[in-house]
Each structure stands twice: as structure tokens, then as C-alpha cells.
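Comments concern the structure below.
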Amino acid sequence: MTSANLDQAHVWHPFTQMRDWNSPAHVPIVIVEGTGAILKAEDGREFLDGNSSIWTNLHGHRHPSIDQAIRDQLDRIAHSSFLGLTNDVAARLAAELIEISGLSGHKVFFSDDGSTAMEAALKMVFQARMQRGEKSSTTFVSLANGYHGDTVGAMSAGHSPLFHRVYKPLLFETREVMSPACYRCPHNRAEPLRGTDARESRQCNRECIGELVTALDELREKASAFVLEPLVQGAAGMTMHPQGYLKEAAAICLERGVWLVLDEVMTGFGRTGAMFASQKETVVPDVVALAKGLSGGYLPVSATLASGEIFDAFLGEYSDLKTFFHGHSYTGNALGCAAARANLNIFKTENTLQKNEARQETLAQYAAKFWDHPHVGDVRQEGLICAIEIVRDFKTRESFPFAKRIGHRICEAAQKHGLLTRPVGDVLILMPPYCTTENQIAQMVEALWLGLNEILPI
């Protein structure tokens, strides 16, 4: 049997309708190699990695520095317990994370992926409040359409009907406030415009900030923390926040003694242009969750950085039972931490952030052509995140019916032109690895453009 046949016979894929996947008409693409921004399939076809392997890969596949760091670590040890022990790689990585984040005094808690990093963050905040004697401070406030992972706590802090609807009876209650998602803002009554004038059409009275203030003032001492993805909400459809929202929201929380928990699982490590999205607005979070790009897209490793104020709430005698009774078998995994250290070093040796400024401009220039399509409602970009929202009607912003799967069909059509990417609903996404050349960016845009016009001819 081929690898594709074996997969269809035995594997259950995430976020996938398996009836369609296993149909005889569907032939899965089996990836066997990768170099730089290129993925190679078992049948010999090559594709551009248009979403950085689901938003994880930073410097490209088979980067020699990360490859060598993992080989070197394999010659020493792959993994040992982090419970009652430590290892040199994790300790050094923690110090480097504190340095690059500028979060002096924070402590680093390692786990496996974005969901577990966020789960740890929420449990830290809850337990710290209890142990500080703030037993009424149990309510998390978070953004509409938020997505923070698939564990129960992370889902509770999210408000994504598509992903969380089925599990609602399992979730604890949180306070939802409106997302500062300009294109879909219910208060925006301006006539839609195309191209560089698009954002000028958005008439804003800052209702999103007003709703946050109202929520925190109504909750008063019950409010524990405000949880959000800074600047860009990924699974919500790459909705991008207006400049200044994060900074003002942080000030509102600080004034009221509400902790700020930032989910930088996607936005961290240069994706928005700065090393961390919070740094673009000089915001200091009480807790920040990191994953995806932490290891450069190589191995599952994540980190939760918590303030000294929160950490100190867990200190005491063993009999006090203030310990953070939470962890994972592969916490502090040496291989993952070795990959992460090499990843961080590449930012220094290759001047990645500076070089990405040119890539961001290149992506913006090529992606501007999407405005020429009548079914493109919005083209938005933050750093090396580009989102193209497909609509049924440009003037009303009406979406296509979910069942038509327009975004999926467009990306499937783009595969024939050498591009692999995955939409969020009808939002097409381009998030190229940082090694992507100008020519490869042009090819990515052209492939997606051809896929769009195949499904929705002009």
C-alpha cells in the first residue's frame, strides 16, 4: 500500500472531515522532504510552504544551524525528567527568553504546545489569586471569536462557535467582550473602499474599548485577567486590531488590578515584525504564552512566562500546598530546547527582523493585486501575516454560505499551481517562512490568485 492508502486506512486527522478525506476521489499529499520554503511530496511534486507549516516554521526547513543543534544534542541526551531535576539546555533557554522578551523578573514554565502553554497560564492565574486571598477573582475576560487552543481551559477562554460549540457544557464561564476587528465591526457603517483607502473607510468610536471598560467595571474584584492574542487573532480569521488597542487595554487592566495574559503562540518570534507583538506597543504582560515558532517549527516545545508577582504566590511550606501541581512528561525536553536556542540565535546571526522588513514590503506589494477581484472584501497585513477575506458581496460584506467551503476550494485549486496553505473559513492566508525569496513570494501570490480565479472567475 502507498503511504496515502495507509493514512486513509489508519489515521484520524485534526480539523478534517474524515468522510471526505477517506473518499476514493481524494488523494492525500504526502510530504517527505523540505528545504527552505519548499516542501516535496512523495510523488515528486514540489510546493511552496505558504503558511509556514501551520504558522510554525520560521527560518525554513532543514536550516543547518537548527539541524546541527539537534544532532549535537542527540549525542548528549534526548530527554530526561524535569520533575525534581533540570537540564542545561532548558535553563539556558529560559534565560534567553527572559532576555529577548525584556520581562525581567518573570519565570519560565515549559510545556509542549500552544494549548498547554495557555492552560498553564490560566491555572497559574487562578491559583495565584486564590493563594493571595483574592478568592472572588475568578472571572477571565476575553475577546469574541477568540481561540487559545483545544484543552478545556483554553477553550473556555475562547469564544469561537465553530471550534467550541460542541464542548460548551464542559467549559467554565468567562466574560466575552467585543473583538477590535475593524472589518467586521458591527458599529462600522462606512462604505467599503478598496486598496490603500480601505482602512480610511472605517469610522471608529472605540466601542471595543468601551465594552472592555464596562465589563471590568461591572465585574470589579471578580475580574481576574484579560486574555487576548495581541494585534492579530489567528483562528478568528486573521482579524487585525487597530494600532493602540493593546496599549490602551493594558493600561485599563493595570489601573484596575486585572492581570494581562497574552497569547503570543502565533504572533511571537517576529511574525508581526517585532520579536513579540506586545513589544510593538511597549506593553508588559503579566503572563505570556509562547509556542509554534519557539523551536523554529521543528519540535513541540512551548513556554509560559509569568510575573514575579504571580510566581511569588506559589511560594511557601510544602504543608501549605501552594505548589503548582501541573506539568507534562516532556516538560523541558532537551531536544526541543536545543532547537529553540538555535532558533533564537539565528535571529541574531542573520539579522532576521531587519531583513523581514523588506519581505513584509514585498508581500504587501504583490498581495495588493487581490483588491482587483470583486469577491475580495479585505486585504490586511501585519508583518509577515497576510489575510485575504473572500465575500459574496463587497458592498455589504456578506459572506458565502459556510457549506460552500469557498476558502478551502480556493486553496485546493492553488495546490495545482505549487502552493500549500490553509484558510480560516473564507479568509485566505499567506504566512511565508522568513527565508522566502522575493521570487517565491511572487509565486505564492500568483498561485493563490490563480486558485481564486478558478473558483470565483472575474
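The values are calculated or read from the model by the stated rules, or taken from the named source; none is laboratory data. Model, not experiment: these values are computed from the prediction. Reconstructed Cβ throughout: ideal geometry from the backbone, glycine too, with neighbour counts over all protein chains shown. The accessibility values were calculated without ligands, DNA or RNA, using every heavy atom of the protein model including side chains. Shrake-Rupley method; radii C 1.70, N 1.55, O 1.52, S 1.80 Å.
Some notes on this structure:
- Over the chain: helical MRE at 222 nm, DSSP H runs n ≥ 4 each giving -39500 (n - 2.57), nearest 500: -10500 deg cm²/dmol
- Rounded if a/c under 1.5, otherwise prolate or oblate - the chain, Cα gyration tensor axes: oblate
- Restricting the GluC sites (Glu not before Pro) of region 260-317 to loop positions (DSSP other than H, G, I, E, B) with no more than 10 neighbouring Cβ atoms within 10 Å leaves Glu317.
- Average accessible surface area per residue within the chain, 1.4 Å rolling probe, Å²: 46 Å²
- Rounded if a/c under 1.5, otherwise prolate or oblate - region 36-99, Cα gyration tensor axes: prolate
- Restricting region 297-405 to chymotrypsin sites (Phe, Trp or Tyr not before Pro) in coil, as DSSP defines it, with at most 12 other Cβ within 10 Å: Phe325
- Proximal lysines to Lys395, defined as alpha-carbon separation beneath 27 angstrom and excluding residues fewer than eight positions away on the same chain: Lys369, Lys404
- Charged-residue dipole, Cβ positions (Lys, Arg, Asp, Glu), the chain about Cα centre, Debye nearest 20: 460 debye
- Backbone N under 16 Å from the Lys322 label point (7 Å along Cα→Cβ), restricted to region 297-313: 307-313
- With every protein chain in place, region 1-96: carbon and sulfur % of accessible area (1.4 Å): 58 percent
- Eligible lysines near Lys280 by straight Cα distance, threshold 23 Å, same-chain separation 8 or greater: Lys107, Lys247, Lys292, Lys348, Lys355
- Nitroxide proxy distance, nm - points 7 Å out along Cα→Cβ at Ala25 and Ser80: 5.6 nm
- Within the accessible area of region 277-372 (1.4 Å probe), percent carbon and sulfur: 51 percent
- With Cα atoms defining each centre, region 1-37 and region 233-275 are spaced 35 Å apart in the structure.
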